[in-house]
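The values are calculated or read from the model by the stated rules, or taken from the named source; none is laboratory data. Everything numeric in this text was worked out from a predicted model, so none of it was measured. As a convention, Cβ positions derive from the backbone with ideal geometry for all residues, glycine included, and neighbour counts pool all protein chains shown.
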Amino acid sequence: MLLDFFPSRRLTIYLAKMFALRIVAVLAMLVMVLMMLDLLSRTGDILAYAGNGENELLRYVSLRAPQLAKRFLPYSVLLATIITLATLNQNSEVVAMKAAGLSAHQILAPLLLTAMMVSAISFAFNERVVTRATATLKAWEEVDYGPIPDDPDVRRNVYFNDGNDVLMAREMAGRGAQTVLTGVTFYERDDNGMIARQITGTRAAFAAPGWLIENAEVFSVATTQTAMAEAPVLVAPGTTLDQMALRRVDPDAETLGELADSITVLKAAGRFTDELEGRWWAKISGPMSAMLMPLLGAVAGFGLARSGNLFIRAVIGMALGFAYFVVENAALAMGSFGGYPPLLAAWSPFVLFFLLGETVLIRTEE
């Protein structure tokens with residue numbers, strides 16, 4: 001019986017159903033409360049755009065809610081674990097199960113199975129829903145909650161370095177050699193980093209190499225005079241199309257496959273990719289963190305309820321769970337600047353707290 005983690009089908013369904021309902025309830029509560037607080041801070045910005053109203057507020061909710069669900073799903077699993085096990089303990093159901101010969105791992109097995117299913121659903125939800133919602137919301141925010149351009153490749157407020165010089169544009173559209181910049185400003189700087197010339201124009205086309213600014217207006221700092229150029233002005237010959245395509249890789253708005261492709265191209269261009277690689281691994285380890293929560297919160301379910309320590313054990317379970325999220329974020333932050341290898345940064349907290357949770361569970365059972 002000790003080797004059978006699901007000795008009773010009826011008991012497995014009972015525990016899994018109880019746990020799943022509490023996960024959904026806690027997640028819904030967290031998302032609704034946080035959505036209301038977030039909406040209070042954003043309503044003014046959304047309605048500031050002429051013509052926006054209730055429909056735009058509902059649209060913001062539909063785009064923001066998936067992000068909140070992704071972020072707080074592991075916390076919901078942790079809180080649901082503590083609530084479920086504390087309730088079972090308080091009603092002496094844990095005592096009855098242990099008296100029937102079940103071990104702590106057999107009692108937790110239905111919860112762990114449910115958490116595994118939650119992790120799988122969370123991963124699919126993140127890949128199919130959250131990435132698209134994030135990309136759409138960021139594009140909407142860039143236009144101050146106005147109409148989003150039909151062209152998905154349009155980017156706003158971009159800038160590129162060419163040595164000491166800086167090329168800025170209000171908008172970038174198109175792909176490859178067809179890329180076009182509008183609202184262009186080019187700052188030509190000397191060896192001391194001081195601006196020598198400022199060139200502005202309505203439009204710039206890729207010239208392979210460099211960019212041709214049309215209707216260019218040239219301001220010379222030395223003479224403090226402005227003149228209109230008679231022909232398009234060539235600027236920033238050192239910029240490349242790779243810079244244009246990969247200047248703003250957003251890992252939150254890309255799926256696992258898309259982010260892998262971006263990392264491959266960046267590596268080929270000799271760019272630093274540790275941060276993106278860490279975020280790639282985090283797309284897998286993040287949803288799997290839900291599997292750890294029953295193990296970390298299990299301390300709330302064992303021990304005599306009448307001893308008066310149930311509340312203390314629940315606090316210990318919450319502390320272990322929240323400590324995991326703190327260590328995970330710290331490891332990813334260190335991995336982003338090369339302190340840890342990306343693989344280690346994403347998975348070391350998972351392995352560490354899995355061993356810690358098992359140790360606490362075994363000690364508690366003894």
If Ala245 satisfies every condition in (1) closer than 28 Å to Ile263 by Cβ; (2) at pLDDT 80 or above; (3) not in a loop (DSSP other than H, G, I, E, B) but one, which is the exception? (2)
Any chance region 83-90 includes a residue that's closer than 22 Å to Ala120 by Cβ and in contact (Cβ under 8 Å) with a residue 60 or more places away in the chain? yes
Do the conditions hold for Ala346, that is, is it of a type outside the set (S, T, N, Q), more than 18 Å from Leu78 (Cβ to Cβ) and under 20 Å from the mean Cα position of the chain (by Cα)? yes
Looking at region 324-336, can you tell me whether even one residue there is β-branched (Val, Ile, Thr) and modelled with pLDDT under 90? no
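Let's see how each residue does on (1) closer than 14 Å to Val158 by Cβ; (2) among the hydroxyl-bearing types (Ser, Thr, Tyr); (3) under 34 Å from the mean Cα position of the chain (by Cα):
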| residue | (1), (2), (3) |
| --- | --- |
| Ala173 | yes, no, yes |
| Val180 | yes, no, yes |
| Ala196 | no, no, no |
| Ile199 | no, no, no |
| Phe206 | yes, no, yes |
| Phe219 | no, no, no |
| Thr224 | no, yes, no |
| Val233 | no, no, no |
The condition of being over 21 Å from the mean Cα position of the chain (by Cα), in the same structural domain as Leu112 (by TED's automatic domain parsing), modelled with pLDDT of 95 or more and not charged (D, E, K, R) holds, among Ala50, Ala20, only for Ala20
Could you please find all residues in region 208-217 being at positive phi and over 41 Å from the mean Cα position of the chain (by Cα)? Asn215
Could you please give the count of residues in region 68-116 that are over 30 Å from Val129 (Cα atoms), touching a Pro at 6+ places or on another chain (Cβ under 9 Å) and assigned to a helix (DSSP H, G or I)? 3
Residue within region 323-338 that is in a helix (DSSP H, G or I), over 19 Å from the mean Cα position of the chain (by Cα) and within 21 Å of Met116 (Cβ to Cβ) present: no
